[in-house]
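To start, the structure under review is shown below, and the notes come after it.
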């Protein structure tokens, strides 16, 4: 009887990517950051899912809902800090991963590298929108300043900024759409990660 991981059509794909992957013996611990990024992504999605159950994307109640998560939700403080500090850990692993790629010339794998660049921008966009969600003073300032950078684009800049804001200033429409994008982007990132791995292990 053959081992299920070598026969089953779905498990076989996972097996060839993780267990029976023909990896050179000279790779170092620098190659571990890709796996750590995968772990970080899973933690972020799980903690984010629980936070989304209690968060309200309304300018009047967003800050209060974050306080409510920390004070009243069972282990809410832990979930919130895991999500916030997990994001920092995510970026540490991300920069190490990119640094290793540059040092060892991984940019020669063009498709994998380009997919990685798309992933980097997607993660940065997700983190920025997540930073805005608690709707404190720094969130408001961050949303205003970063989105205002687009106003430097000639002719269409101001219109583009107002279109992103959903009005003439950062307000409820901005917060609602930022929450929607912050929620959906990690799932898009997960799909892109699979493509990234597909190109890497082809």
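Odds and ends about this structure:
- Residue in segment 87-109 that is out of contact with any strand residue (DSSP E or B) (no Cβ under 8 Å at 6 or more places or on another chain), touching a residue at least 40 places away in the same chain (Cβ under 8 Å) and either under 23 Å from residue 173 (Cα atoms) or not in a helix (DSSP H, G or I) (or both) present: yes
- Only residues that are in a loop (DSSP other than H, G, I, E, B) and either surrounded by 20 or more Cβ atoms within 10 Å (Cβ to Cβ) or touching a residue at least 24 places away in the same chain (Cβ under 8 Å) (or both) were counted across segment 43-69, and they come to 4.
- For segment 70-84, the count of residues that are under 17 Å from the mean Cα position of the chain (by Cα), exposed (fewer than 14 other Cβ atoms within 10 Å of the Cβ) and free of Cβ contacts under 8 Å to residues at least 60 places away in the same chain is nonzero.
- In segment 8-35, the residues that are in contact (Cβ under 8 Å) with a residue 40 or more places away in the chain and under 26 Å from residue 91 (Cα atoms): 17, 30, 31, 33, 34
- Residue within segment 167-184 that is part of a helix (DSSP H, G or I), free of Cβ contacts under 8 Å to residues at least 40 places away in the same chain and either at positive phi or more than 18 Å from the chain's Cα centre (by Cα) (or both) present: yes
- Residue within segment 126-139 that is without any contact (Cβ under 8 Å) to a residue 60 or more places away in the chain, assigned to a helix (DSSP H, G or I), farther than 21 Å from residue 53 by Cα and more than 12 Å from the chain's Cα centre (by Cα) present: yes
- So residue 183, is it loosely packed, with under 14 Cβ neighbours inside 10 Å, in contact with a helix residue (DSSP H, G or I) (Cβ under 8 Å, 6 or more places away or on another chain) and closer than 28 Å to residue 115 by Cβ: no
Each value in this text was obtained by applying a stated rule to the coordinates, not by laboratory testing. What you are looking at is a predicted structure, and each value in this text was computed from that prediction instead of being measured. Don't worry about glycine lacking a Cβ; one is built from the backbone with ideal geometry, like all the others, and counts go over all protein chains shown.
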